[in-house]
There are 2 protein chains.
Amino acid sequence: MTFEIPGPIDPPARLLMGPGPISAYPSVLEAMSAPLVGQYDPFMTNTMAETQALYRGVWATDNDATLLIDGTSRAGIEAVMVSLIRPGDRVLVPVFGRFGHLLAEIAERAMAEVHTIETEWGQVFAPSVIEEAIVRVRPTLLALVQGDTSTTMNQPLDEIGAICAKHGVLFSTDATASLGGNAFESDAWGLDAATAGLQKCLGGPSGSSPITLSDRAVEVVTSRKRVEAGIREPGDPSSPDFVRSNYFDLGMILDYWGPRRLNHHTEATSMLYAARECARVLLLEGREAVIERHRVAGAAMLAGVQALGLGVFGDLGHKMHNVVAVEIPDGVPGDAARAALLEDFGIEIGTSFGPLHGRVWRIGTMGFNAREDAVLTTLDALEQVLRRFGAAVPTVAGVEAAEDVYRRAA
Amino acid sequence: MTFEIPGPIDPPARLLMGPGPISAYPSVLEAMSAPLVGQYDPFMTNTMAETQALYRGVWATDNDATLLIDGTSRAGIEAVMVSLIRPGDRVLVPVFGRFGHLLAEIAERAMAEVHTIETEWGQVFAPSVIEEAIVRVRPTLLALVQGDTSTTMNQPLDEIGAICAKHGVLFSTDATASLGGNAFESDAWGLDAATAGLQKCLGGPSGSSPITLSDRAVEVVTSRKRVEAGIREPGDPSSPDFVRSNYFDLGMILDYWGPRRLNHHTEATSMLYAARECARVLLLEGREAVIERHRVAGAAMLAGVQALGLGVFGDLGHKMHNVVAVEIPDGVPGDAARAALLEDFGIEIGTSFGPLHGRVWRIGTMGFNAREDAVLTTLDALEQVLRRFGAAVPTVAGVEAAEDVYRRAA
């Protein structure tokens, strides 16, 4: 060995107030240190079933096909894309930030014929604009981000499902950044597929992607099913139209989570425990109560930064509850100020992508950290740091404005 | 809600003596409950770099491109396959068990022209047989499992790298079942790509896949690089020959783990902590010492089941140290006996696949459980259960034979 073996993992104390990942709920961290059990232990299969039931609650769905993909958020997106899209299918992606581009990218790699429409960063799409594009493109699938952290916008989805149904289009959304902190109604909004991650408002670590599929989506998946060589038995389906990924083949993954318990991957047990606990925490507090907690924390953070005299990016009528893009004041070095917050106060806020890079910080209030003390501590430290870098900021105005929001919400 | 929200996760005590997953090292479970940090926190990027260095030690390689794929073992396999194989490339897969079929399956889904050769279950390939097939098929890539848990066989790899180099073939192996418990020399054996998982001899949970790539493999990956839309900057590569997966595009993943820290996925922090601890535990004990511990535990288990009068499947000269396929005695109901071991003794042993299904149990001695007390406890319980189901087994002979192996190894 040419290097010294490091000691046990010992992370510094951090209050994660960026656009995600964020500090996990303590009980989620604790759940991950629970002992492992075997893949087909009755306790394991029961835990998988419990987790599915819990996520039906989180997604507000009756979909039987509600499960976890073993990977980060984009693993869930890719599983949906490669399983629902046949090579050459037309896919429509309305893009209002970085993650719209990601959906288009994943669809293109899945060999779709991808069509995009774009709106200015900081805005969302009117349903009529999406419908016009559907009529023009006639896609098989509409893939639409709900909350795009790159712009903080929350695309209204409630009218889109009916439009998709009317035109015979599958409707898929990625709610990684928004689920748990903002309204989401999988069945009521007519979603055929929805994907998320744990590392935002669900308050867990990255590495597991909850997804849900409508019966219509399951039909597409099932029609393409091919059980892999090595465990395929006589009579097992082997569609020539098989999915061009083994890992993300939802046909086999559904059979792994379903009564057949087909041996596909070995479920990531500790991440399953974490995902289960994220959903459990959310449902124990109550889905509406958690969204309200995020609404208040977001409103307090917004009022706070505005009271500090900072500008805010984007259409505030469509901002996600859980993240705000704060304009970096003239003369303040954005990265140095962020580093000072991290190094001196142990608080992380986020940088930004693309057209906003260097222009805004992104401050999150998510999951465990959608709390009054986290909001006030962050605003207090931000005030100190801004002053240190020469910005003229009113004393305690940020904290007071945030406290005021909490008082009114109480 | 139509169901009661379950309590915190509370798994039953289990001694996992199957073919994997197995009981994790206690310090690995503990590492996963460490607090999260941000994606670009200096502590996080340093932890990623430490983990890479640790796995260079585990793989016995100087490969810079040594990292984790966020997913289970087959995520690592698929990342290597889709990134190294261009559609239409010829891939040769020698199959000696279920997981050879899996490699072929993944390659086929990656649109390779797949050629297989097969040998009888319970046997391995002579290097000359593989070379003959290479000469005949002229593949771009040879994909070969090292240890196939379905048969317990350990395919010798030490002569294969030179054969591949001579014929200009990339050499890839999956060492999920074998790494840590059996000799593995990535550089000395001329591997271009190797993949694994944590849930076998590395003693962690499933959900992170360590991989390593030679410079030659990195060249292939880099030649196909395309930075995804949404974060692509002027001058960034955008090869028309891009990888047909975003999640598994090693070009971007290398840039995420490398100095550029390209924003691809959000690293699964808790699984990173687990993977780091698995490698740390292994290197602290010493790579050779851990292999020797697995050798002795495997020899003790083998001697024990043989002393109980049970037959053992396969060529014992090429058995992996860490798993044995034990023939189910006539008249003993295999599944009921396994269930009794699990329910009454809290010990899990494994069933089997394909031609061995119903004929053998697979008993593992891996990672944390490659221990004398785990071996003896399992043999003792197995004796009780066999007797309960009417098998004539000699009293304490299994335990004594295993103890004898430990005495001689001491």
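What are the extents of the Cα atoms of the protein assembly as shown along their three principal axes, listed from largest to smallest and rounded to whole Å?
82, 56, 48
Spelling out what I want: for every residue of segment A:178-194, take phi, set θ = phi - 60°, compute 6.51 cos²θ - 1.76 cosθ + 1.60 (Karplus), and round to whole Hz; glycine and proline get x.
Working through the residues one at a time gives 10, 4, x, x, 9, 4, 8, 9, 4, 6, 4, 8, x, 6, 9, 8, 9 Hz.
Averaged over peptide A:17-27, how many Cβ atoms belonging to another chain are found within 10 Å of each residue's Cβ?
On the way: counts 1, 4, 2, 3, 10, 2, 4, 5, 0, 2, 2.
Rounded to a whole number, the mean comes out at 3.
Nm distances between the label at B:GLU285 and the same-position labels in the remaining copies, 7 Å along Cα→Cβ, shortest first?
4.0
Hey, any idea what % of the protein assembly as shown's accessible area is carbon plus sulfur with a 1.4 Å probe?
Details: 13380 of 26120 Å².
Taking all protein chains in place, the protein assembly as shown shows 51 percent carbon and sulfur surface.
Quick one: what are the phi-derived ³J(HN,Hα) couplings along segment A:311-325, Karplus 6.51/-1.76/1.60 with θ = phi - 60°, whole Hz, x for glycine and proline?
My calculation for segment A:311-325 gives x, 10, 8, x, 7, 5, x, 10, 6, 4, 4, 9, 7, 9, 9 Hz in order.
Which part of segment B:159-201 falls in the paramagnetic zone of B:SER128, meaning amide N under 18 Å from the point 7 Å along Cα-to-beta-carbon?
Hits in segment B:159-201 for B:SER128 at 18 Å: B:159-164.
Which whole number of Å³ per residue matches the convex hull of the alpha-carbon atoms in chain B? Mind dumping the intermediate values first?
Working: hull volume 66.3 nm³, N = 410.
Spread over its residues, the Cα hull of chain B gives 162 Å³ apiece.
Relative to the compact globular guide of 2.2 N^0.38 Å, what is the alpha carbon radius of gyration of segment B:78-205, as a ratio?
Details: Rg = 13.4 Å, N = 128, 2.2 N^0.38 = 13.9 Å.
In units of the 2.2 N^0.38 Å rule of thumb, it is 0.96.
Of B:ALA79, B:ALA391, B:ALA24, which is the most mobile in a GNM of chain B whose springs link Cα atoms less than 10 angstrom apart?
Between B:ALA79, B:ALA391, B:ALA24, it is B:ALA391 that shows the largest mean-square fluctuation.
Using protein chains only (no ligands, no nucleic acids) and a 1.4 Å probe, work out which residues of segment B:94-108 have their accessible area cut by at least 20 Å² relative to the chain alone.
B:ARG98, B:HIS101, B:GLU105, B:GLU108
Quick one: which residues, 5 or more positions from A:ILE117 or on another chain, have an amide H under 5 Å from its amide H? H modelled 1.01 Å from N in the peptide plane, none for Pro or chain starts.
Those lying under 5 Å, H to H, from A:ILE117 are A:VAL93, A:VAL95.
With an 8 Å Cα cut-off and a minimum separation of 6 or more residues, compute the relative contact order for chain A in percent. Numbers along the way, then the final one.
Details: 834 pairs, mean separation 89.1, N = 410.
About 22 percent, as a whole number.
Relative to the other copies, what are the label-point distances for B:PRO237, with labels 7 Å from Cα along the C-beta vector, expressed in nm at one decimal and sorted shortest first?
Computed spacing set for this position: 3.8 nm.
Just A:SER27, A:SER172, A:SER206 to compare: in a GNM of chain A, with alpha carbon springs under 10 Å, which one fluctuates most?
Result: A:SER27 has the largest fluctuation of those listed.
Quick one: divide the alpha-carbon radius of gyration of segment B:322-392 by 2.2 N^0.38 Å and tell me what you get. Write out the running numbers ahead of the final one.
Numbers: Rg = 11.7 Å, N = 71, 2.2 N^0.38 = 11.1 Å.
Compared with the compact-globule rule of thumb, segment B:322-392 sits at 1.06.
In Å² (nearest 100), what accessible area is buried between B and A, both sides summed, heavy protein atoms only, 1.4 Å probe?
The buried area between B and A, both sides summed, comes to about 7100 Å².
Could you tell me which helices of chain A pass both thresholds, a Cα extent of 20 Å or more along their own axis and a mean Kyte-Doolittle hydropathy of at least 0.0, with helices taken as whole DSSP H runs? The partial results should precede the final answer.
On the way: long enough: A:42-59 (25 Å, -0.17); A:269-285 (24 Å, 0.61); A:287-307 (30 Å, 0.27); A:372-388 (24 Å, -0.04).
Helices meeting the span and hydropathy rule in chain A are A:269-285, A:287-307.
About its Cα centre, what dipole magnitude does the protein assembly as shown give when the only charges are +1 on Lys and Arg Cβ and -1 on Asp and Glu Cβ, stated in debye to the nearest 20? Present the calculation step by step, with values, prior to reporting the outcome.
Values: 66 positive and 102 negative charges, 143 e Å.
Here the size comes out at about 680 debye.
Within 10 Å of each Cβ in B:239-246, how many Cβ atoms from other chains are there, averaged over the peptide? Working shown, then result.
Working: counts 0, 0, 0, 3, 1, 8, 10, 13.
Counting Cβ atoms of other protein chains within 10 Å of each residue's Cβ and averaging gives 4.
On the Cα set of segment B:8-122, report Rg and Dmax in Å, please.
18.7, 51
Using a cut-off of 13 Å between beta-carbons, work out the net charge of the residues near B:GLU285 (Lys and Arg +1, Asp and Glu -1, B:GLU285 not included).
Details: positive: B:ARG280, B:ARG287, B:ARG293, B:ARG371; negative: B:GLU277, B:GLU288, B:GLU292.
Local charge sum for B:GLU285: +1.
Lys and Arg at +1, Asp and Glu at -1: add these up for the other residues within a Cβ distance under 14 Å of B:ALA339 and post the number. Don't skip to the end; give the middle numbers.
Numbers: positive: B:ARG14, B:ARG338, B:ARG388; negative: A:ASP41, B:ASP335, B:GLU343, B:ASP344, B:GLU348.
Once positives and negatives cancel, what remains is -2.
Taking every pair of alpha-carbon atoms in segment B:9-63, what share in percent sits in each 5 Å bin, from 0 to the bin with the longest distance?
Going from the shortest bin to the longest, the percentages are 4, 14, 13, 20, 17, 15, 12, 4, 0.
At 222 nm, what helix-only mean residue ellipticity would chain A give, in deg cm²/dmol to the nearest 500, using -39500 (n - 2.57) for each DSSP H run of four or more? It would help to have the intermediate numbers written out before the result.
Working: 13 runs with 164 residues, N = 410.
After summing the helix terms and dividing by residue count, I get -12500 deg cm²/dmol.
Across the residues of A:62-72, average count of Cβ atoms on other protein chains within 10 Å? Mind showing how you got there, number by number?
Working: counts 1, 0, 0, 0, 0, 0, 0, 2, 10, 10, 9.
Rounded to a whole number, the mean comes out at 3.
How much accessible area per residue does the protein assembly as shown have, counting only protein heavy atoms and a probe of 1.4 Å, in square angstrom?
Details: 26120 Å² over 820 residues.
Averaged over the residues of the protein assembly as shown, the accessible area is 32 Å².
Have a look at segment B:360-404 and give its Rg and Dmax from the Cα atoms, expressed in angstrom.
Just the Cα atoms of segment B:360-404 yield Rg and Dmax of 11.1, 33 Å.
In segment A:342-372, what residues drop by 20 Å² or more of accessible area when the other protein chains are put back, versus the chain on its own? Use 1.4 Å, and skip ligands and nucleic acids.
Listed in order, they are A:LEU342, A:GLU348, A:PHE353.
From the label point of A:ASP62, set 7 Å from Cα along Cα→Cβ, how far away are the matching label points in the other copies, in nm, ordered shortest to longest?
Going from nearest to farthest copy, the values are 6.4 nm.
Between A:ASN46 and B:VAL396, what FRET efficiency comes out of the Förster formula 1/(1 + (r/R0)^6) with R0 = 51 Å and r the beta carbon distance, rounded to 0.05?
On the way: r = 36 Å, r/R0 = 0.70.
Calculated value: 0.90.
In whole Å, what three semi-axes, largest first, describe the equivalent ellipsoid of segment A:154-196 built from its Cα gyration tensor (square root of 5 times each eigenvalue)?
On the way: eigenvalues 67, 20, 12 Å².
For segment A:154-196, the semi-axes come out at 18, 10, 8 Å.
Taking chain A as a Gaussian network, Cα atoms linked when under 10 Å apart, which of A:THR351, A:THR45, A:THR266 shows the biggest mean-square fluctuation?
A:THR266
Using all Cα-Cα distances in segment A:248-363, what percent lands in each 10 angstrom bin from 0 up to the longest?
Bin by bin from 0 Å, the calculated values are 11, 27, 23, 22, 13, 3, 0.
Please give, to one decimal in nm, the separation of the simple spin-label points placed at A:ASP373 and B:ALA13, each 7 Å out from Cα toward the Cβ.
Reported label-point gap for A:ASP373 and B:ALA13 is 3.6 nm.
The values are calculated or read from the model by the stated rules, or taken from the named source; none is laboratory data. Just so it is clear, the model here is predicted, and its values are computed rather than measured. Neighbour counts are summed over all protein chains in view; Cβ atoms, including those assigned to glycine, are modelled from backbone coordinates with ideal geometry. The area values use the complete protein model at the heavy-atom level, side chains included, leaving out ligands, DNA and RNA. Shrake-Rupley method; radii C 1.70, N 1.55, O 1.52, S 1.80 Å.
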